[in-house]
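Heads up: the structure comes next, in structure tokens.
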């Protein structure tokens, strides 16, 4: 009699969503005899809530990266990229990193957790984003922005033209959402703090502008917290341009939707996310109007009995019928429900619909200030900032990594940041170009 083999679950993507599914599939209460294989292009995932701080020097960047093999230690990892899905034969095609050979792996259950990419608008709506703007999606992006800021400070320090100096030190953030505000808040602290190292630059030479299409920044927050955040940011000299968008991005300026030309040297694009475009190549999958995997409330992909999806790449209806929002806190809690439903499906039991909702929103504004809306409790100022740090420190995987992050924060209380380039991504530097004097 042939030995019964374990249930094979292949997880596409090893980020928050995929990593936590792989971990929960081994929970004792599920009672699964399971083999879990993760396919991801990296052997780590980034702890995104601390990404901006790592980029601007509050944290050591490697302390915000979590090794997948350590985090999901009972799973196997294939470091590669998925190329195709054959749902009819239960096979995934992929290429290992550094190898062009197309391989295949068979699955019993498949979990799609391929995450998202920065939403880049079509060229006819906004041109030049890919060529001239920075994203904030990966650790290399955050470090590239830091390196860019240091390079501009060096260049501005050697520049005698006041107008050119202001252009070089003007940072424009497109998108006044949580990520955009966190970026501008931390970047303002980093750049203005660095001016003490330069004899020919004053803090007021540095400009920061947020351009947001909505009537207000941070539209996810209650009005009270929006007003408080707006006031505090404007008091620091950060320009908040709401009710307008950007239609052209150039090397030395942007053009807004009302045809205003804004001289600048750095544009950081945080105007939303979109599901991973590789999903368009999976012809067997039903996608929704946003390009995400169309799912049942149970996370099961429509039209398939053994394929599941969650996280930023999935459109999963919540209890109110609306898709669950693409947030890290949502993906982490979805993962446990997906693992439970895979176990239930394997045993032929009834599946439970997902019921994950947003518990709260915390936004750090820089300078030890922040805002928090947690289950209707609204907090602003230092306490909100301290709560943000405490909550995300508690969620950081692994005691050793928690300790490293805490030590980084403690050291920063007694010493200044290093205003130096890290050089981790030399190809990310965007083109320098002086203004057209005509």
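Where does helix 223-235 land angle-wise versus the long Cα axis of the chain, in degrees 0 to 90, nearest 10? Value to nearest ten degrees: 40.
Values (1) 22.3; (2) 19.8; (3) 23.4 are given for comparison; mean projected area of the Cα convex hull in nm², derived from the coordinates here, is the one labelled (3).
Return the Rg/Rh value of the range 1-132, two decimal places, where both radii are evaluated on C-alpha atoms and Rh is the Kirkwood radius.
Numbers: Rg = 17.8 Å, Rh = 16.9 Å.
Checking Rg against Rh, the ratio lands at 1.06.
With N set to the residue count of the range 235-313, report its C-alpha Rg divided by 2.2 N^0.38 Å to two decimal places. Intermediate results must be reported in sequence, preceding the final value.
Values: Rg = 19.5 Å, N = 79, 2.2 N^0.38 = 11.6 Å.
Here the answer is 1.68, to two decimals.
Rg and Dmax over the alpha-carbon atoms of the range 275-357 stand at 12.0, 34 Å. Once the Cα atoms of helix 382-395 and of the chain are each reduced to a long axis, what angle between those two axes, in degrees from 0 to 90 to the nearest 10, is obtained? The angle comes out at about 30 degrees.
Our summary gives the range 343-388 a relative contact order of 28 percent, counting only alpha carbon pairs under 8 angstrom and 6 or more residues apart. If you fit an axis through the alpha-carbon atoms of helix 139-157 and take the longest principal axis of the Cα set of the chain, what angle between them do you get, 0 to 90°, nearest 10? Roughly 10 degrees, rounded to the nearest 10.
Legend: calculated FRET efficiency, residue 257 to residue 123, from the Cβ-Cβ distance at R0 = 22 Å, rounded to 0.05, equals 0.90.
So for the chain: antiparallel DSSP bridges make up what percent, rounded to the nearest 5? Just about 50 percent of them are antiparallel.
Read-outs: derived from the displayed coordinates by stated rules, not from any lab. Small disclaimer: the values here were computed from a predicted structure and weren't measured. Note that we place each Cβ from the backbone using ideal geometry, even for glycine, and neighbour counts take in every protein chain shown.
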